[in-house]
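To start, I am sharing the structure in question, which I have written as structure tokens.
The values are calculated or read from the model by the stated rules, or taken from the named source; none is laboratory data. None of these values were measured; they are calculated from a predicted model. Cβ atoms come from the backbone with ideal geometry, glycine included; neighbour counts cover every protein chain shown. For accessibility, only protein heavy atoms count, side chains too; no ligands or nucleic acids. Shrake-Rupley method; radii C 1.70, N 1.55, O 1.52, S 1.80 Å.
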Amino acid sequence: MQFYLLGYPLGHSMSPFLHQAFLSQAKLEGHYELKEISPKTFSEEVTRLKEMGCDGFNITIPYKVDILPFLDRVDSEAEAIGAVNTVVVEDDKWIGYNTDGRGYVTSLKYHFPALFTAESRFLVLGAGGASRGIVHALNNEICDAITVCNRTVEKADALLESLSGSKQLAGISYEEAEKTLDMYDCIINTTSVGMEPHTRNQAISLKHLSKDTVVSDIVYKPFHTTLLQDAKKRGAQIHHGHEMLVYQAALAFKLWTGFTVDVRPVIQAFEEKLIK
Ligand code: ATR
């Protein structure tokens, strides 16, 4: 089987490592290769891939939206999110999915199942592409409220407008979020603040954090972000976002092969690589 990751730049992507582990777990022969495509040749390269054929591919930054015109069909979740990270090839037809948000929520739920109740309140920091996937996935779960905090509150409001259902939804400023932080059961950083090389940065002040709140960060380089260290010091529980990458990959692999991956040993091997 032949799979690819399309993106630019791809640098030290961990996806080949993850998918190679899945292939051997599934006892399938195959390859997962990086296809770094410069923006100038994106259209040409994608057309060539369609002619060449493959069993499926992932798309990452900056092409999760640009791929849409090349697809024959987009699944409803990806359509609502407005971006695709996984393409399934079925009878030469390309079908787009988005497994990012669901991947993230599956990990959070695995570690903190008690977060998903009719009373729980989530605070999501950031309103970009990563936030969009996560907020849509949270909206499909049991919870009371989803609040999105962004420097430009209008962007948070626009994201929330695309959601349907009966949850309490609100866009707020960082100032307001910091003042009311103890209201939330879970705070999720979806911004890149704190990522290498700016590891000292922290998206939000945790001065008013409650010990009962779970703090989650999708930044996983460094593994122990300043935000997570601060939350831990204050006695809160923490969730490392690197598992999002593993779960989104496992969900993509399931779409391509039908095989359900046991993610735990793969996560462990991934952590050893990240922490060493
Ligand atoms: P991604 O796909 O990683 O989510 P993106 O779509 O460019 O990337 O979105 C980046 C998000 O991080 C945005 O919500 C951005 O906030 P603004 O809309 O206000 O720009 C947020 N972000 C980036 N740098 C930030 C910073 N220094 N402080 C707070 N938020 C930041």
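Could you please find all residues in region 160-195 being away from the ligand (no atom under 16 Å from the Cβ), modelled with pLDDT of 95 or more, surrounded by fewer than 14 Cβ atoms within 10 Å (Cβ to Cβ) and not polar (S, T, N, Q)?
Asp182
Restricting the search to region 137-159, which residues are within 13 Å of the ligand (Cβ to nearest atom), of a type outside the set (Gly, Ala, Ser), surrounded by 14 or more Cβ atoms within 10 Å (Cβ to Cβ) and part of a helix (DSSP H, G or I)?
Val153, Lys155, Asp157, Leu159
Among the numbered criteria (1) modelled with pLDDT of 95 or more; (2) at negative phi, which one does Lys27 miss?
The one condition Lys27 does not meet is (2).
Next question. Just to be sure I understand the filter: pairs with C-beta atoms under 8 Å, separated by 6 or more residues or on different chains, first member in region 122-134 and on the phi > 0 side of the Ramachandran plot and within 6 Å of the ligand (Cβ to nearest atom), second member open to solvent by 10 Å² or more (accessible area, probe 1.4 Å) and small (Gly, Ala, Ser). Which pairs pass?
Correct list of pairs: Gly126/Ala203.
Conditions (1) more than 16 Å from the ligand (Cβ to nearest atom); (2) in contact (Cβ under 8 Å) with a residue 24 or more places away in the chain; (3) open to solvent by less than 60 Å² (accessible area, probe 1.4 Å), marked per residue:
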{"position": "Gln20", "(1), (2), (3)": "yes, no, no"}
{"position": "Leu49", "(1), (2), (3)": "yes, yes, yes"}
{"position": "Gly53", "(1), (2), (3)": "yes, yes, yes"}
{"position": "Thr60", "(1), (2), (3)": "no, yes, yes"}
{"position": "Leu68", "(1), (2), (3)": "no, yes, yes"}
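Answer with yes or no whether Asp262 is charged (D, E, K, R), within 20 Å of the chain's Cα centre (by Cα) and under 18 Å from Thr147 (Cβ atoms).
no
Tell me, which helices (runs of 4 or more DSSP H) lie completely within region 189-276 with 1 or more residues that are touching a strand residue (DSSP E or B) at 6+ places or on another chain (Cβ under 7 Å) and charged (D, E, K, R)?
226-233
OK, next. Go through region 216-252 and count every residue that is surrounded by 18 or more Cβ atoms within 10 Å (Cβ to Cβ) and either of a type in the set (Gly, Ala, Ser) or under 26 Å from Glu77 (Cα atoms) (or both).
So the count comes out to 21.
Which of the following residues is basic (Lys, Arg) and within 13 Å of the ligand (Cβ to nearest atom): Arg234, Arg200?
The match here is Arg200.
Within region 81-129, how many residues turn out to be of a type outside the set (Val, Ile, Thr), surrounded by fewer than 17 Cβ atoms within 10 Å (Cβ to Cβ) and more than 12 Å from the chain's Cα centre (by Cα)?
12
Could you check Ser216 against (1) in contact with a helix residue (DSSP H, G or I) (Cβ under 9 Å, 6 or more places away or on another chain); (2) farther than 30 Å from His12 by Cβ; (3) more than 13 Å from the ligand (Cβ to nearest atom) and say which number it fails?
Condition not satisfied by Ser216: (2).
Name the residue, out of Thr117, Thr106, that is among the β-branched types (Val, Ile, Thr) and within 20 Å of Ser164 (Cα to Cα).
Among Thr117, Thr106, only Thr117 is among the β-branched types (Val, Ile, Thr) and within 20 Å of Ser164 (Cα to Cα).
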